[in-house]
C-alpha cells in the first residue's frame, strides 16, 4: 500500500475512533508515524468525524419523525 493510501485509511480509521495501537497494527506502521500523521491530518480527521456525526443526527431525526407519525 502506498503512503498516500495509508494516510487516507489512517484518516478513516481515526475518524471512526480507532486507537493508535490498532491503526499501527492494521496498517503496519509505527505508533510514532500515527502521532506524526495525527498532527499532519488533524483537520481532515475532524472533517470526516463531523460528516459521520451529521449523518448520525440526520438518521436519528428521520427515525424520530417516522416514529412520531406512525
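The values are calculated or read from the model by the stated rules, or taken from the named source; none is laboratory data. Keep in mind it's a predicted model, so treat the numbers as computed, not measured. Cβ atoms come from the backbone with ideal geometry, glycine included; neighbour counts cover every protein chain shown.
General remarks:
- Selection from the stretch 8-28 of residues that are outside any loop (DSSP other than H, G, I, E, B) and under 23 Å from residue 54 (Cβ atoms): 8, 9, 10, 11, 12, 13, 14, 15
- Among the residues of the stretch 15-32, the ones that are over 14 Å from the mean Cα position of the chain (by Cα) and in contact (Cβ under 8 Å) with a residue 12 or more places away in the chain come to 3 in all.
- Picking from residues in the stretch 18-29 that are in contact with a helix residue (DSSP H, G or I) (Cβ under 8 Å, 6 or more places away or on another chain) and under 16 Å from residue 5 (Cα atoms), the one that is surrounded by the fewest Cβ atoms within 10 Å (Cβ to Cβ) is 26.
- Number of the condition not met by residue 68 [criteria: (1) more than 20 Å from residue 6 (Cβ to Cβ); (2) surrounded by 10 or more Cβ atoms within 10 Å (Cβ to Cβ)]: (2)
- Residue check, residue 47 assigned to a helix (DSSP H, G or I) and either touching a strand residue (DSSP E or B) at 6+ places or on another chain (Cβ under 6 Å) or modelled with pLDDT under 95 (or both): yes
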